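Engineer: Mind having a look at this structure? Questions to follow.
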Amino acid sequence: LLTLMTCAPQGGSTAPVVINEFSYDDSSTDDHEYVELFNRSNTAVDISGWLLDSQDENGPNTAYTVDASTVLQPGDYWVMGSALVPNVDQVVGTTNIWENGQDSLTLRDAGGLIVDTLVYEANKGLWDVTLAEGEGIWGNFTSIAGIETSWSRGRDGLDTDDNGNDFRIMPWTPGTTNDVANLLPYQPG
């Protein structure tokens, strides 16, 4: 009997849409930066007018509003970033879209309420604990041209409210699943 997994929320969070994958620094001219949103719910979600903003200890940095008439179907992705990123849905810049050092990424609904948030390079310290889930994401990151990687949820939509456990560096998959195929268990020969 085969049971298909639905897009129902997974983990401790109840947010219907989450930040699923992102890249903020690359080894070239920082022209492959993006944030991928994912609808992990079982219903369509209108994210028109939602805001993706960032800030560091010195205050606000960038803020981008999701295009009007943007509705994510269950299991759908929305990629905001450079035009050079595969499957980008909304171009929000060309280079240096997000800070290369410690910063937050916060997704807010049209009313300004936080839907999902994270702090990357949290190993450098947290200036606002309300922007990190758990201790944030530790480690410094640079995606290398030709072998692009990103910070990605281990499974699409998995949100335990602890970003350090939810995200890992993986091959980039903007606009497509982060889920890796199940491997058969090792069988000694």
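The values are calculated or read from the model by the stated rules, or taken from the named source; none is laboratory data. What you see is a predicted model; the values in this text were computed from it and never measured. Because the Cβ atoms are built from the backbone with ideal geometry, glycine has one as well, and the counts that use them run over all protein chains shown. Accessible surface areas use protein heavy atoms only, side chains included; no ligands, DNA or RNA. Shrake-Rupley method; radii C 1.70, N 1.55, O 1.52, S 1.80 Å.
Engineer: I'd like the FRET efficiency for THR94 and MET170, computed as 1/(1 + (r/R0)^6) with the beta carbon distance as r and R0 of 30 Å, rounded to 0.05.
Structural biologist: Efficiency at R0 = 30 Å is approximately 0.75.
Engineer: Among rounded, prolate and oblate, which fits the range 123-167 when a ≥ b ≥ c are the square roots of the eigenvalues of its C-alpha gyration tensor, a/c under 1.5 means rounded, and a/b larger than b/c means prolate?
Structural biologist: Oblate, since a/c reaches 1.5 and b/c is not below a/b.
Engineer: Ignoring everything except DSSP H segments at least 4 long, calculate the 222 nm mean residue ellipticity for the chain; use -39,500 (n - 2.57) per segment, divide by total residues, nearest 500.
Structural biologist: Counting only the DSSP helices, I get -500 deg cm²/dmol.
Engineer: Could you give me the ³J(HN,Hα) list for the range 96-112, computed from phi with Karplus coefficients 6.51, -1.76, 1.60 and θ = phi - 60°, whole Hz, x at Gly and Pro?
Structural biologist: 6, 5, 10, 4, 7, x, 3, 7, 10, 10, 10, 9, 10, 6, 4, x, x
Engineer: How much accessible surface area, in Å² rounded to 10, belongs to the heavy atoms of PHE38 with a 1.4 Å probe?
Structural biologist: Number for this one is 10 Å².
Engineer: A further question follows. Considering only the other residues whose Cβ falls under 11 Å of the Cβ of GLY175, what net charge follows from Lys and Arg at +1 and Asp and Glu at -1?
Structural biologist: Neighbourhood net charge equals -4.
Engineer: Right, something else. Report the Cα centroid-to-centroid distance between the range 121-173 and the range 55-96 in angstrom, as an integer.
Structural biologist: 17
Engineer: Still on this model: What would the Debye formula give as log10 I(q)/I(0) at q = 0.13 Å⁻¹ for the alpha-carbon point model of the chain, no solvent?
Structural biologist: -0.64
Engineer: Ok, one more. For TYR64, TYR24, write out the residues from largest to smallest accessible area, computed with a 1.4 angstrom probe and no ligands counted.
Structural biologist: TYR64, TYR24
Engineer: Over the chain, what relative contact order in percent results from Cα pairs under 8 Å that are six or more residues apart?
Structural biologist: After rounding, I find 23 percent.
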